[in-house]
Amino acid sequence: MRGSVHGQKESPGRAGGVRALVLLGVLALGLAGIDGAIELGSGGDDGSRRRDRADAPQGAEKLEHLIFIVQENRSFDHYFGTFPGADGFPTTPRGEIEVCIPDPVLGRCSRPYRTTSQFQEGGPHDHPASVANVNGGRMDGFITVAAESKKLCIGAERRFTPSCRDSVGPAMQPDVLSYHTAKTIPNYWTWAERYLLQDRMFAPTDSWTLPAHLFLVSAWSAFCPDRFDPMSCVSDLDLTSPQRHHRYLEEPLYAWTDITYLLDEHGVSWGYYVGEGTCVRVPCDEEDGQWGATAAGKNPLPGFVNVVERGQLDRIMDHAEFLDAAREGTLPTVSWVIPGSRASEHPGSDTPVEDGMAYVTKLVNTVMRGPLWERSAIFLTWDDWGGFYDHVEPPRIDENGYGLRVPGITISAWVEGGTIDHQTLTFDAYLKLIEDLYLDGERLDPQTLSRPDSRPTVREDVARLGDLLNEFDFEQEPLDPVILPLRPLAD
């Protein structure tokens, strides 16, 4: 039976802690709904809320390796809106989806529809698009935004492209209301059923790929007028100016401090894995490998001043090196795995969603077959919503958001199989987990960093942020690996 992460196989003490966490989140949500106040956690004398490794659940030391796989641009409802037990599409008592949002293309409201296509166009997914999609909490701006951007499947030049074959209606309207089921993304649904699905994983900010990946490794997206002064940085969710985002082989621009700085200080190994042919350190032709090269917007670490100054660019490796290390049992403690252009699932691509699922499946299968399965946790997510519909209004926790919901799956021998985590999460929870397990609870906090910066919020300590350690039961019998075919749709 699929259950909640909060309800089963908990020791009395741990279950009480989870109930307290849920109550705190509910109270925080109510306060935010009243006045939009920033809800930060109460802390110790230095304002932080640290969890020493000794305070972690008994058995947490079994998690010797954390692996974060980050795909692109899909909303939760687009992939899991009909997943049983999850906070998916609102439905009537008869089980019919009751969503109907303004559709200026057809001149009426339109409802979500199931797609069987492997190609979608999506919609704009920058900061203005996010604000317009949410539309003051009404969550009804998706088709309007896509139509205004002319992301329509009209005209002889586009009408029969792969992304447009799935369009519906006489005007060939946008596909932002489309949704997938187990029929088209079976491996993702299988992992969600066998391991753990997160149905309140929000993108870290209401913006596009680059800010999301900056938050992934640093809990901030900013512009720094002086790249040698971390205190000069100010929040920037757009980063649309070419002068504000790093390109390979250029001088680093991001002056604030990322998590690898703390990992190095604590002697914790890490690796960031990108597509073959990515020009990180030396000039090259960026010839695509099997899964394609990785764009700089998804690989921001070469743009961080502290990474370059410490000579850590050699920790940015390719997918083949990840696969070899997973087979040999030599993965670093923390791994990020980022797709290349051919396997990212980015809407508008001429490659099918199945290619991205096959790439992720190869990564997961390799870990499962290797010696590290029972010592690892794999976290799979998507970096932003891609313009696709989602019905849940994102919490507003500081000047930088959260963004719209994205899918999140935890794959590990130690999660309670078949559960759904309803905690409020974002990529900050990944950093919090790293810090609590391996850094003695030290945060990316200007008050405690040996390299302070001017970030406005210690995001790992926001009160309503959930705790990923609540997803694990280290006293259970470890779950078996589930090896899946790379391309089940071809079988």
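The values are calculated or read from the model by the stated rules, or taken from the named source; none is laboratory data. Model, not experiment: these values are computed from the prediction. All Cβ positions, even for glycine, are placed from backbone atoms using ideal geometry, and neighbour counts span all protein chains on display. Only protein heavy atoms, including side chains, enter the accessible area calculation; ligands, DNA and RNA are left aside. Shrake-Rupley method; radii C 1.70, N 1.55, O 1.52, S 1.80 Å.
Amide H to amide H, with H built 1.01 Å from N, residue 317 comes under 5 Å of 272, 273, 274, counting only residues 5 or more places away or on other chains.
In this structure the amide hydrogen of residue 202, modeled in the peptide plane, comes within under 5 Å of the amide hydrogens of 406, 425, 426, none closer than 5 places in sequence on its chain. For the range 410-491, relative contact order (Cα pairs under 8 Å, six or more residues apart, normalised by length) works out to 45 percent. In this Cβ point-charge picture (+1 for Lys and Arg, -1 for Asp and Glu), the range 323-379 has a dipole of about 200 debye about its Cα centre. Centre-to-centre, using Cα atoms only, the range 301-379 and the range 440-475 are separated by 23 Å. When 138, 74, 310 are compared by accessible area at a 1.4 angstrom probe, the order from most to least is 138, 310, 74. Working note: Karplus 6.51/-1.76/1.60 with θ = phi - 60° gives the range 200-216 the couplings 9, 8, 9, 4, x, 7, 8, 7, 9, 4, 4, x, 4, 6, 5, 5, 4 Hz, where Gly and Pro are set to x.
For the range 257-405, the fraction of 1.4 Å probe accessible surface lying on carbon and sulfur atoms is 43 percent. Summed over the residues of the range 333-491 and divided among them, the accessible surface reaches 24 Å² per residue at a probe radius of 1.4 Å.
Counting alpha carbon pairs within less than 8 Å and at least 6 residues apart, what relative contact order, in whole percent, applies to the range 194-270? Mind dumping the intermediate values first?
Numbers: 83 pairs, mean separation 19.0, N = 77.
Reported relative contact order: 25 percent.
With an a/c value of 1.5 or above and a/b not larger than b/c for the gyration tensor axes a ≥ b ≥ c computed over the alpha-carbon atoms, the range 353-395 is described as oblate.
In order along the range 441-451, phi translates into HN-Hα couplings of x, 5, 9, 7, 10, x, 6, 10, 5, 6, 10 Hz, rounded to whole numbers, per the Karplus curve 6.51 cos²θ - 1.76 cosθ + 1.60 with θ = phi - 60° and x for Gly and Pro. Annotation: amide H-H contacts under 5 Å for residue 462 (H modelled 1.01 Å from N, sequence separation of 5 or more, or interchain): 41.
Using a probe of 1.4 angstrom, how much of the accessible area of the range 53-147 is carbon and sulfur, in percent? Carbon and sulfur together cover 49 percent of it. Taking packing as the residue-averaged number of other Cβ atoms within 10 angstrom, the listed peptides 123-130, 75-82 run from highest to lowest as 75-82, 123-130. The 3J(HN,Hα) values that the Karplus relation (6.51, -1.76, 1.60; θ = phi - 60°) gives for the range 296-305 are, in residue order, 4, x, 9, 9, x, 4, x, x, 8, 4 Hz. Gly and Pro appear as x.
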